[in-house]
Amino acid sequence: MNFKVVLKILGILLVCEALLMLPSLGVAAYYGGGDAWAFALSFLITGLTGVPLSFIKTGKKRIYARDGFAIVALGWILLSFFGSLPFYISGAIPSFIDCFFETSSGFTTTGASILTHIEDLPRGILFWRSFTHWVGGMGVIVLTLAILPSVGAGSVQMMKAESPGPNPGKIVPKVGETAKILYGIYIIITIVEIILLKIAGLSYFDAAIHTFGTVGTGGFSNMNSSVGSYNNVPVEIIITIFTFICGANFSLHYQVLKGDLKAPLKDDEFRFYSGVVILSIILITINLYGSVFNSLWESLRHSSFQVVTIISTTGYSTTNTETWGMFSKIILFMLMFIGGCAGSTGGAIKNIRFLLLFKVMKRELLQIMHPNAVYSIRFGKRAVDEKTISEVLGFFFMYMVIFIAAVLIISFDNLDWATTITSVAATLGNVGPGFGMVGAAGNYSALSVLSKIVLSICMLIGRLEIYPILLITMPSFWRRINI
């Protein structure tokens, strides 16, 4: 473990976070909400903590795999801690645990909230709350690699440790260039959506807030009733399309921009993702029609919006899903586990893992029928090696173990079944709203301090694909010997 390199890069991350507070400081000053001083003080505290660390002399710059995991895990914890300062110093959220919960939810693009009167908050606080989605969506580490590609050789380890989904890979040979390309696409999508939402009738402020939540697949809104507050069909269509796009692998967007328009159609995971979305919309529309909505159009409108925002782990809502039938709610619950595609800003287990598990299941059944035959699992033209299959099976098992353990802890609050189970599924999968007390019309404010801490950890575990957070709890991980 190269501790000096780890500390130096953590310092750089804190300096970056301090600089990322400046837009919110500008918004607060512009609207005169009285929260500008909170951002100024938070900027100073975060910057003064990060600057000394960033000047540490490191000697060797190479980043090993364990260094990358340590930087990512500790980095996200520190970012959530210091990112809580504007909420706490301004008095917008009196409890620091609640501040940490809200900030963790922002950076991890979960969208779970403890706030009950969102529209009463100052504009600067609302902007920072949603801006954390945008920053966390593509990843703070990836942003650092885009700005400071000279961090050191082996920085791909940081990208691998942070990027959602198995083996994100590099679009181009240099990691810094890959990061710049990803952020370039991210910024283009952001600008286009803000313009479209403005044309659809939202103010620039509201358009920016909901764009940050869309492209980061986060879900924070500046309205108590989320997107449903506007009752604006064009806005809902725009957000639905962009959440679907951002739930797909960003390398596919790059290929499309390079001229390969058929790239998404040739991708097994994207076809699986699209199929799950279409099938879920059809089933829920049928279930809603006549029981919840009298109009087929209204059933299709709300089912398509909720399906796409849940599977992409965005979590925006246009209606109270608590009034929906059990069949529809069970489908949405299942989508919380599936999530987006690898290499997207979405969370949860990911479509590629479920697709691989289905292929493994098929192979096992064929092997029973034809024990002497040899079956290989393929994605497109590539054969999947047994190591990858083992890793996916291990990830799935760990995900379910963490889910069960967290549910058991949350059960100490003695809440109803829906709240207890879906609160964990929604935070571990970075979805945001669940059902019951934590549904689209509710929030997480009534949960105990212990539950909020556990769910905050679940958000970080889910966003970082389990391994970084679990690894830093192992004493052997911190040994100085690099293997």
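Going by the conditions given, is Gly347 touching a Gly at 6+ places or on another chain (Cβ under 7 Å), buried (at least 20 other Cβ atoms within 10 Å of the Cβ) and either within 27 Å of Leu450 (Cα to Cα) or modelled with pLDDT of 90 or more (or both)? Judged against the criteria, Gly347 is a match. Tallying residues that are closer than 25 Å to Glu322 by Cα, within 27 Å of the chain's Cα centre (by Cα) and of a type outside the set (Ser, Thr, Tyr) within segment 243-302 yields 13.
Check whether at least one residue in segment 300-310 is more than 21 Å from Ile241 (Cα to Cα) and either in a helix (DSSP H, G or I) or without any contact (Cβ under 8 Å) to a residue 60 or more places away in the chain (or both), and report yes or no. Checking segment 300-310: not a single residue is more than 21 Å from Ile241 (Cα to Cα) and either in a helix (DSSP H, G or I) or without any contact (Cβ under 8 Å) to a residue 60 or more places away in the chain (or both).
In segment 459-477, the residue that is nearest to Phe395 (Cα to Cα) out of those that are of a type in the set (Ser, Thr, Tyr) and not in a loop (DSSP other than H, G, I, E, B) is Tyr467. Looking only at residues in segment 86-115 that are outside any loop (DSSP other than H, G, I, E, B) and among the β-branched types (Val, Ile, Thr), the one that is surrounded by the most Cβ atoms within 10 Å (Cβ to Cβ) is Thr103. Summed over segment 207-229, the residues that are on the phi < 0 side of the Ramachandran plot and either surrounded by fewer than 21 Cβ atoms within 10 Å (Cβ to Cβ) or in a helix (DSSP H, G or I) (or both) give a count of 15. Would you confirm whether or not segment 31-43 contains a residue that is charged (D, E, K, R), surrounded by fewer than 18 Cβ atoms within 10 Å (Cβ to Cβ) and outside any helix (DSSP H, G or I)? No: zero hits. Every listed requirement among (1) assigned to a helix (DSSP H, G or I); (2) free of Cβ contacts under 8 Å to residues at least 24 places away in the same chain is met by Ser456 save one, (2).
When Leu283, Leu279 are checked against the criterion of being of a type outside the set (Ser, Thr, Tyr), farther than 24 Å from Ile188 by Cα, in contact (Cβ under 8 Å) with a residue 12 or more places away in the chain and surrounded by fewer than 18 Cβ atoms within 10 Å (Cβ to Cβ), Leu283 stands alone in meeting it.
Ile237 satisfies every condition listed in (1) among the hydrophobic types (A, V, I, L, M, F, W, C); (2) crowded, with 19+ Cβ neighbours inside 10 Å; (3) modelled with pLDDT of 95 or more except (2). Among the residues making up segment 365-397, those that are of a type in the set (A, V, I, L, M) and not in a helix (DSSP H, G or I) are Ala373, Val374, Ile377, Ala383, Val384. Comparison of Ser376, Ser304, Ser299, Ser312 shows that the only residue that is closer than 26 Å to Tyr230 by Cβ, polar (S, T, N, Q) and either modelled with pLDDT under 90 or crowded, with 24+ Cβ neighbours inside 10 Å (or both) is Ser312.
Go through the residues of segment 116-131 one by one and say whether even a single one is under 17 Å from Leu464 (Cα atoms) and outside any loop (DSSP other than H, G, I, E, B). The answer is no; no qualifying residue exists.
The values are calculated or read from the model by the stated rules, or taken from the named source; none is laboratory data. These figures come from a predicted structure and were not determined experimentally. FYI the Cβ positions are ideal-geometry reconstructions off the backbone, even for glycines, and counts take in every protein chain you see.
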